[in-house]
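Working notes, beginning with the structure itself.
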Amino acid sequence: MKRHLRSDRGSAFVELGLLAPLFVLMLIAGAECGRMAYAAIEVSNAARAGVAYGAQNHATATQTGTIASGTNDAIDQTAVNEASNISDITATSSTSCICQTVNTATGAVTTTSISCGTAGTTCGESTTSGKVNMVVEYVQVNTQAKVHTMFRYPGIPHSFTLNGFSQMRVAQ
C-alpha cells in the first residue's frame, strides 16, 4: 500500500503544470471581456450625456456638429468629456423636427418631418377646428470609439469599433 502511495507523489504538480496555461488563458479572457464591456458602457453613456445636455432647451439643442471634424460644439464636447477614459472617441450630434397634429375629437396624432429653424419652426395654421399643431424637436448623439485588445490573439481582431446612440426630445 505504501508503495502505491509513493508512486503518486508529484502527480499534483504535473496536473497543475498542465492546467496552469488554461487558467492563465481564462484569466486574460475575463480581463479582456471586462475591458470591452467597460468601454462599451462608457461609449453609450457618452451619447446619453451629450443628448441630455442638448435637450435642456432650444438654445443648447442648436449646438450640434462633429468633434472629429474640428468643430467645438458643446453637445459633442460634453459627450467626449463624459468618456474621458476612452482615448479614441468621436461624437456627432444633430437635431430633427416634426410637426405633430392632434385631432382633439378623436385623439389621433399625425406627424410630418419638417426642417428645424425654418420660418421660426412652425407647423402652419390649422384650417379645421378641433386640431392642434405643435413642433417637436429632437436631439440625437452618435458616439464611436475604437478599442484595442491587450494582446494579439489568433483568429480575433486586434481592435473593435464600439458605437453609442441616444435621442431625446428637447424640453419645450
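Here are some notes:
- Between HIS58 and LYS131, the FRET efficiency estimated from the beta carbon spacing at R0 = 30 angstrom works out to 0.80.
- Segment SER115-LEU25, extension gain: residue separation times 0.36 nm, minus the distance between their alpha carbons: 27.0 nm
- Residues with amide H under 5 Å from that of LYS131, placed H, sequence gap 5 or more: THR104
- 3J(HN,Hα) along region 31-41, derived from phi through the Karplus expression 6.51 cos²θ - 1.76 cosθ + 1.60 where θ = phi - 60°, amounts to 5, 4, 4, x, 4, 5, 5, 4, 5, 5, 5 Hz, with x in place of Gly and Pro.
- For the pair HIS158 and LEU16, a Förster radius of 22 Å applied to the C-beta separation gives a FRET efficiency near 0.10, rounded to the nearest 0.05.
- Backbone amide hydrogens, once placed in the peptide plane, bring VAL170 within less than 5 Å of GLU137, TYR138, VAL139, excluding anything fewer than 5 places away on its chain.
- The packing ranking of peptides 21-32, 92-103, highest mean first, is 92-103, 21-32, where packing means the average number of other beta carbon atoms within 10 angstrom of each residue.
- Sum of side-chain charges, SER93 neighbourhood, beta-carbon under 14 Å (Lys, Arg +1; Asp, Glu -1): -3
Where a number appears in this text, it was derived from the coordinates with a stated rule and is not lab data. Because the structure is a prediction, the values reported are computed rather than measured. Don't worry about glycine lacking a Cβ; one is built from the backbone with ideal geometry, like all the others, and counts go over all protein chains shown.
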